[in-house]
Amino acid sequence: PAVGIYIDGIPLVSKNSFNFHVYQLDRVDVLRGPQGTLYGMNTEGGLMRLYSKNPINYQGTDISVGMGTHLYRNVEAAHYGRSGDNFAFSVAGFYGGQNGFFRNSVTDRRADVSNEAGAKTRLVYKSGTRFTADFTADYQFARQNAFPYGLLDPASGDVSSPATNRQNMYRRNMFNTGLGLTYNAEGYTLTSQTSYQFLDDCMDMDQDYLPQDYMHLKQEQLMNAITQEFTLKSDANTTWRHTSGLYGSYQWLKTEAPVYFDSDFTGQLASGIQTAMYSAIHTAMTEQMIAAGMPPAVAGNAAAAAIEQAGGVTADVSMQVPALFHTPQVNIGVFHESNIRLADCLTATVGLRYDYNRVSVNYDTSAGMTVTASVMGAQAANTLTSVLANDTHDGYSQLLPKVGLTLTVDDNGSNVYAVVSKGYRAGGYNIQMFSDILQAELTANSSHAMNGSYDVPHTPEDYERVNSTITYKPEESWNYEVGAHLNLFDDMIHADISAYCMQIRNQQLSVMAGTYGFGRMMVNAG
C-alpha cells in the first residue's frame with residue numbers, strides 16, 4: 001500500500017487487513033504526504049491513525065441498528081465501564097450483512113451476498129499521571145460471495161449480469177491484539193507498543209469469469225506478524241521538541257495457491273493434440289500406400305478407413321498446478337525527528353530514519369499435464385511435468401529524511417510552511433506469476449508429451465531468470481511542498497492551501513500477468 005493505517009497505535013502490516021469493520025471510533029487523524037521518517041515504509045502517500053473511544057474518559061452503553069435495501073442489516077453494541085480510578089474496560093460486538101445486488105445468470109444465485117461479525121475488548125490501567133497500560137484485542141470474521149463482475153459492452157456502456165459457472169467466494173478470520181505501555185516522566189514520555197496480528201483467509205475465484213469452465217483457483221493465506229516499537233518524546237512546550245524511536249516487525253506468511261485447468265481449457269488442448277496425432281499417422285500411412293502404387297486420393301481414403309477400423313485416435317488431457325509459497329518479511333527502523341524553535345514565530349523540522357526491509361520467497365510449485373491417448377487400439381498415458389522449487393531474498397536499505405520550516409503569522413495559529421520529505425513502498429515478489437510461467441512452459445514443451453513422459457529441466461540460469469522475473473523493486477518518492485494553514489476572522493473560517501511536487505522512481509504498477517493475463521502482478525515503471 002501507499003498509505004499506512006494505524007488502529008489504536010497498532011500498525012496494520014498486511015494490506016489484506018485494511019478492509020476491516022470500523023466501529024467505536026473516537027478520532028481519525030489523516031496525515032498527508034510521505035510519513036516515512038516517523039512511520040517507515042508503505043506510507044509515502046500518507047497515514048491514517050484511527051482511535052477508538054477510551055473507557056477511561058467515556059462510559060455507558062451504545063447500541064446501533066441499521067436496515068437497508070436487499071436486506072442490508074447492521075447491529076453494533078458496546079459497553080464502557082470503569083472500576084475505580086485506575087481501571088476501565090470496554091467490550092463490543094457487531095454483525096453486518098446483505099443479500100446482494102447482483103444475480104449470477106448461470107447459477108441463479110446472488111453474486112455478492114456477504115456476512116461479517118466480530119468482537120472487541122479494551123482494558124486500560126492508569127496509575128496516576130505517570131504510567132498507563134492499554135490492551136486491545138479485536139477479532140473479525142467475514143464471508144462473502146465475491147467478484148460480481150459482468151461483461152462490458154464498450155459501444156453501449158452496458159454491463160451484463162455476472163455469468164460464472166463457479167461461485168466466487170472470500171472468507172477471512174482476522175485477529176489483532178496490542179499492548180501499549182506509556183510512562184510519563186519529567187520532560188519526556190517513553191512509549192512501548194507491541195502487537196500480534198493473525199490472518200487466515202481463503203479466496204475461490206472463477207478466473208475466466210465466463211459460463212465456460214476454463215480455469216479456477218483457490219488461494220489460502222496464513223499470516224502471523226509481530227511488531228514492536230519504542231518511542232521517546234520530549235514535552236511539547238520546549239524550545240527543542242524531539243521524538244526518537246526504534247521499530248521492528250516480522251511477518252510470516254504462507255500462501256497455498258493451486259490453479260485448476262478445467263474441461264473447456266483442457267478440451268481445447270486435447271483436441272489440438274488429437275488432431276496433430278491423427279494427421280501424423282494419416283500422412284505416414286497415406287505415403288506408404290502411395291509408394292506401393294495406390295493413387296493419392298484412394299490412398300488418403302484407405303488410410304482414414306484403416307485408422308477408423310483399428311479403433312481411431314483419441315486424446316484426453318488433464319492439468320494441475322499446485323503451489324506453496326513462504327514469504328517472510330523483516331523490517332527494522334531507527335528514527336529521530338526534531339522541531340527546533342529558531343524564533344518566536346519560526347520553527348525548523350529535521351528528521352531522519354534508517355529503514356531496512358528484507359523480503360524472501362521460498363516456492364515449491366509445479367505444473368503437470370497428462371495426455372492419455374488411444375491410437376488404433378493401443379493405450380498410452382504420457383505426463384509432461386515442470387517443477388519449480390527454489391528460494392531467493394532481497395534486502396533494501398533506505399534513508400528517509402525530512403526537512404521543513406514553519407512560520408507562524410498570527411496569534412490564531414495561522415502559518416505558512418515548506419517541507420521536503422522522502423517515502424517509499426516495499427519491494428517484493430509476484431507469486432501470482434508462477435501459473436503463467438508454468439503454463440507457458442507446458443505449452444512450449446507439449447510436443448514432448450506425444451513421444452513419452454517428459455520432465456522439463458531447469459538449470460541454475462533458468463532459476464536466475466525466474467527469480468528476476470518475479471521480483472519488483474521498491475518505489476521511492478521525494479515530496480516538495482509549500483502551503484499555509486489559515487484561521488481567519490476569529491476562527492470563523494479555516495483554510496488550507498498548498499502546492500506540491502512528487503518525484504517517483506521505480507513506480508509500482510499493477511498489471512495483468514504475462515502471456516495469458518490470468519491474475520495481476522506488480523511491475524516497476526519509470
³J(HN,Hα), Karplus 6.51/-1.76/1.60, whole Hz, each residue of the range 96-109, x for Gly, Pro: x, x, 7, 8, x, 10, 10, 10, 6, 6, 8, 8, 6, 10
Residue among ASN451, GLY293, THR471 farthest towards the positive dipole end of the chain, charges placed on Cβ: THR471
Taking the alpha-carbon centroid of each part, what is the distance from the range 82-140 to the range 295-336 in angstrom? 48 Å
Size of the dipole of the range 1-71 about the Cα centre, Lys and Arg at +1 and Asp and Glu at -1 on the beta carbon, nothing else charged, in debye to 20? 80 debye
Between the range 386-434 and the range 246-288, how many Å separate their Cα centres? 41 Å
Residue by residue through the range 354-363, which ³J(HN,Hα) values in whole Hz follow from phi under the Karplus form 6.51 cos²θ - 1.76 cosθ + 1.60 (θ = phi - 60°), with glycine and proline marked x? 9, 10, 10, 10, 10, 10, 9, 9, 10, 10
Checked against the positive end of the charge dipole of the chain (+1 on Cβ of Lys and Arg, -1 on Cβ of Asp and Glu, about the Cα centre), the farthest of VAL106, VAL313, ASN357 is ASN357
Which of rounded, prolate, oblate describes the range 128-171, given a ≥ b ≥ c as roots of the alpha-carbon gyration tensor eigenvalues and a/c under 1.5 marking rounded, otherwise prolate only if a/b is larger than b/c? oblate
The range 272-401 - Kirkwood radius from inverse mean 1/r over Cα pairs (Å): 21.5 Å
Amide H neighbours of ASN42 under 5 Å, counting only residues 5+ apart in sequence or on other chains, H built in-plane at 1.01 Å? TYR424, ARG425, ALA426
Here the range 477-487 yields Karplus 3J(HN,Hα) values (6.51, -1.76, 1.60; θ = phi - 60°; whole Hz; Gly and Pro given as x) of 9, 10, 10, 10, 9, 10, x, 8, 10, 10, 10
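For each pair in LYS126/LYS402; LYS15/LYS126; LYS15/LYS473; LYS233/LYS402, compute the distance between the two Cα atoms and list the pairs where it is over 29 Å.
In this structure, LYS126/LYS402; LYS15/LYS126 exceed 29 Å between Cα atoms.
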Where a Cα-Cα gap under 18 Å defines reach, which lysines qualify for LYS218, not counting those fewer than 8 residues away within the same chain? LYS254
Relative contact order %, the chain, counting alpha carbon pairs below 8 Å whose residues are six or more apart: 10 percent
For Cα pairs less than 8 Å apart in space and 6+ apart in sequence, what is the mean separation divided by the residue count of the range 179-257, i.e. the relative contact order in percent? 30 percent
Probe 1.4 Å, heavy atoms of protein chains only: per residue, the accessible area of the chain in Å² is 50 Å²
Suppose a student asked you for the relative contact order of the range 289-371, using Cα pairs under 8 Å spaced at least 6 residues apart; what percent would you report? 35 percent
Rounded, prolate or oblate: pick one for the range 146-194, where a ≥ b ≥ c are the square roots of the eigenvalues of its C-alpha gyration tensor, a/c under 1.5 means rounded, and failing that, prolate if a/b is larger than b/c, else oblate. oblate
Over what distance in Å are the Cα centres of the range 1-73 and the range 338-369 separated? 21 Å
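If you place +1 on the Cβ of every Lys and Arg, -1 on the Cβ of every Asp and Glu, and leave all else neutral, what size is the dipole of the range 122-221 about its Cα centre, to the nearest 20 Debye?
600 debye
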With +1 on the Cβ of every Lys and Arg and -1 on the Cβ of every Asp and Glu, and nothing else charged, how large is the dipole of the chain about its Cα centre, in debye rounded to the nearest 20? 1040 debye
Specify whether the C-alpha gyration tensor of the range 362-480 places it in the rounded, prolate or oblate class, a ≥ b ≥ c being the square roots of the eigenvalues: rounded for a/c under 1.5, otherwise prolate if a/b is larger than b/c and oblate if not. prolate
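The values are calculated or read from the model by the stated rules, or taken from the named source; none is laboratory data. Every value quoted in this text rests on a predicted model; they were computed, and no experiment measured them. Because the Cβ atoms are built from the backbone with ideal geometry, glycine has one as well, and the counts that use them run over all protein chains shown. Just the protein is used for accessible areas: all its heavy atoms, side chains included, with ligands, DNA and RNA removed. Shrake-Rupley method; radii C 1.70, N 1.55, O 1.52, S 1.80 Å.
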